[in-house]
Amino acid sequence: MFTAVSTTSCQMIGTYDFGSSQGWTAGNMLYLSDASAGAIVTTAPTTSGHFVKRVGVALSAQIMAIKISA
């Protein structure tokens with residue numbers, strides 16, 4: 001069972017501009033964080049039993065190309 005905790009929109013393909021620098025370098029692979037729910041990080045989780053979910057690639061310090069891995 002899933003419970004919505006906020007109203008959001010979901011984008012599965014395309015680009016997203018965060019509007020401010022996220023500290024990325026163009027070409028960085030982007031992953032869901034295993035430490036902070038919903039955060040996007042440049043380092044894949046390495047903890048045993050945790051899943052690696054790539055969500056895109058940085059096009060600049062604030063823009064990502066959304067490429068969600070299966």
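Using the Cβ atoms and a cut-off under 15 Å, what net charge is assigned to the surroundings of THR47, where Lys and Arg are +1 and Asp and Glu are -1?
Numbers: positive: LYS53; negative: ASP34.
Net charge in that neighbourhood comes out at 0.
Please list, ordered by chain and number, the residues whose modelled amide H lies under 5 Å from the amide H of LEU30; skip anything fewer than 5 residues away on the same chain.
VAL55, GLY56, VAL57, ALA58
Return the long-range amide H neighbours of TRP24 (sequence gap of 5 or more, or a different chain), with a cut-off of under 5 Å between placed amide H atoms.
none
Values in this text are rule-based calculations from the coordinates and carry no lab data. Here the structure is a predicted model, which means the values were calculated and not measured. Positions of Cβ are backbone-derived with ideal geometry, glycine not excepted, and every protein chain shown enters the neighbour counts.
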